[in-house]
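**Q** Structure provided below as structure tokens; questions to follow.
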């Protein structure tokens, strides 16, 4: 995940045109009686050769351009303003001829002379930042881009160069800080952060070996630009954590299904088998039927095995449905709430969302759960399926397990808050 190193050529051409137009406009500024206006008076014997120098440079006539600049500089009794205009003309000539180092030197002289008003000064500061960036003088670019922002520059394209320049200068922590401030501003304004910004932030944290920052940024990216590869990476990072519980694999598959990440027959088969083993045959049957509808199951050499698995899931689901009433009654009598949560989730898997969620909520309300993290994790999933997203996020926030459950709940929460997630 990297950023662009290129400054669009048309922006440099626009800068050349602006410098030429600025010089011409300055040459036409009438003299005034006020001291400030008089100080900005430009004599024709200075303005004309400066403009001619820029015309010659655009025509590729380097010697003529340099001669015209010498002619302007030879005018006696040059004011500070006239000297700045000549140097600005030299910058325009250098840009037209592709002499970027000289263009930067000249522009820096002009800016430091403080002979131009706010708007003109800001345009030259902007140009300095852009040219330094183009020349890969990234620390120099950072200095001028920071000044551009400090003096009120608001062009998003220019401001975006600052964190890129910091990154390319190997200043990863300042780059991350700059990007985090932009993400925070976007969140406060309720607008999405551009994908490129988040990708650069992720790259900063990767360089810093800041795993927590990397994951936070990746979660934001997955929510803002919900592409399968982002959710896949988040889940892969969770399952590779030391001590990740095997019991959580079923919930991983549930999220992979929700995020449309299941791609082959083996994944559907393993998902169904895990659901059957956990006591959720209706869910297993739904997973198998989805695999069949996508033609991922029921084909090739394993077609018979898939049919046998479906038959087993179907019979188990039928038996489970007949027994749910008795299981519910027993769960309500139990001291712990785990049984109610499990029965409720079985109802949810069978498509009875309202009834199942009500039982699950009764279970967690008993507040004496043996598997509290699992209960809250499953309740969050059930609430999302009922399109109660805010409640689902609250449920996921209650998961605290150090066995990977909390990390998985965090990914589930990010997914639920993603606009692309559909129950």
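**Q** Pull up the stretch 137-159, narrow it to residues that are in contact with a helix residue (DSSP H, G or I) (Cβ under 9 Å, 6 or more places away or on another chain) and assigned to a loop (DSSP other than H, G, I, E, B), then point me to the one that is nearest to residue 78 (Cα to Cα).
**A** Here the answer is 151.
**Q** Then there's this: Within the group 167, 205, which residue is surrounded by 20 or more Cβ atoms within 10 Å (Cβ to Cβ) and under 18 Å from residue 139 (Cα atoms)?
**A** 167
**Q** Residues of the stretch 172-186 being under 18 Å from residue 214 (Cα atoms) and loosely packed, with under 13 Cβ neighbours inside 10 Å, which ones?
**A** Of everything in the stretch 172-186, those that are under 18 Å from residue 214 (Cα atoms) and loosely packed, with under 13 Cβ neighbours inside 10 Å turn out to be 181, 184.
**Q** Something else now. What residue, of 191, 159, is farther than 24 Å from residue 406 by Cα and in the same structural domain as residue 131 (by TED's automatic domain parsing)?
**A** 159
**Q** Listed residues 53, 25, 96; which is modelled with pLDDT under 90, in a helix (DSSP H, G or I) and either buried (at least 22 other Cβ atoms within 10 Å of the Cβ) or not assigned by TED's automatic domain parsing to the domain that holds residue 127 (or both)?
**A** Criteria check complete, one pass: 96.
**Q** With the requirement that a residue be under 37 Å from the mean Cα position of the chain (by Cα) and without any contact (Cβ under 8 Å) to a residue 24 or more places away in the chain, what does the stretch 291-314 give you?
**A** 292, 293, 294, 295
**Q** Something else: List the number of the failed condition for residue 249; all other conditions in (1) assigned to a loop (DSSP other than H, G, I, E, B); (2) free of Cβ contacts under 8 Å to residues at least 40 places away in the same chain; (3) closer than 23 Å to residue 421 by Cβ hold.
**A** It is condition (1) that residue 249 fails.
**Q** Any chance the stretch 108-124 includes a residue that's over 42 Å from the mean Cα position of the chain (by Cα) and surrounded by 19 or more Cβ atoms within 10 Å (Cβ to Cβ)?
**A** No, the stretch 108-124 contains no residue that is over 42 Å from the mean Cα position of the chain (by Cα) and surrounded by 19 or more Cβ atoms within 10 Å (Cβ to Cβ).
**Q** Go through the stretch 56-66 and give me each residue that's in a helix (DSSP H, G or I) and either farther than 12 Å from residue 90 by Cβ or in contact with a strand residue (DSSP E or B) (Cβ under 8 Å, 6 or more places away or on another chain) (or both).
**A** Within the stretch 56-66, 56, 58, 62, 63, 64 qualify.
Conditions tested, residue by residue: (1) buried (at least 21 other Cβ atoms within 10 Å of the Cβ); (2) under 28 Å from residue 224 (Cα atoms); (3) without any contact (Cβ under 8 Å) to a residue 40 or more places away in the chain.
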{"site": "343", "(1), (2), (3)": "yes, no, yes"}
{"site": "349", "(1), (2), (3)": "yes, no, no"}
{"site": "352", "(1), (2), (3)": "no, no, yes"}
{"site": "355", "(1), (2), (3)": "no, no, yes"}
{"site": "362", "(1), (2), (3)": "no, no, yes"}
{"site": "379", "(1), (2), (3)": "yes, yes, yes"}
{"site": "386", "(1), (2), (3)": "no, yes, yes"}
{"site": "393", "(1), (2), (3)": "no, yes, yes"}
{"site": "398", "(1), (2), (3)": "no, yes, yes"}
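**Q** Among the listed residues 312, 335, identify the single one that is outside any loop (DSSP other than H, G, I, E, B) and either touching a helix residue (DSSP H, G or I) at 6+ places or on another chain (Cβ under 9 Å) or assigned by TED's automatic domain parsing to the domain that holds residue 267 (or both).
**A** Of the residues listed, the single one that is outside any loop (DSSP other than H, G, I, E, B) and either touching a helix residue (DSSP H, G or I) at 6+ places or on another chain (Cβ under 9 Å) or assigned by TED's automatic domain parsing to the domain that holds residue 267 (or both) is 312.
Residue-by-condition table, conditions (1) closer than 30 Å to residue 156 by Cα; (2) touching a residue at least 60 places away in the same chain (Cβ under 8 Å):
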residue	(1), (2)
178	yes, no
187	yes, no
195	yes, no
212	yes, no
227	yes, no
230	yes, no
240	no, no
258	no, yes
272	no, no
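**Q** Taking residue 328 as the residue in question, decide whether it is surrounded by 13 or more Cβ atoms within 10 Å (Cβ to Cβ), over 30 Å from residue 267 (Cα atoms), touching a residue at least 12 places away in the same chain (Cβ under 8 Å) and out of contact with any helix residue (DSSP H, G or I) (no Cβ under 7 Å at 6 or more places or on another chain).
**A** When the stated conditions are applied, residue 328 does not pass them.
**Q** Picking from 134, 102, which residue would you name as being within 17 Å of residue 73 (Cα to Cα) and surrounded by fewer than 20 Cβ atoms within 10 Å (Cβ to Cβ)?
**A** Only one candidate qualifies: 102.
**Q** Can we say residue 129 is touching a helix residue (DSSP H, G or I) at 6+ places or on another chain (Cβ under 9 Å), within 30 Å of residue 217 (Cα to Cα) and part of a helix (DSSP H, G or I)?
**A** Answer is yes for this residue.
The values are calculated or read from the model by the stated rules, or taken from the named source; none is laboratory data. All values reported here derive from a predicted model rather than from experimental measurement. For neighbour counting, all protein chains shown are included, and Cβ atoms are generated from backbone atoms with ideal geometry for every residue, glycine included.
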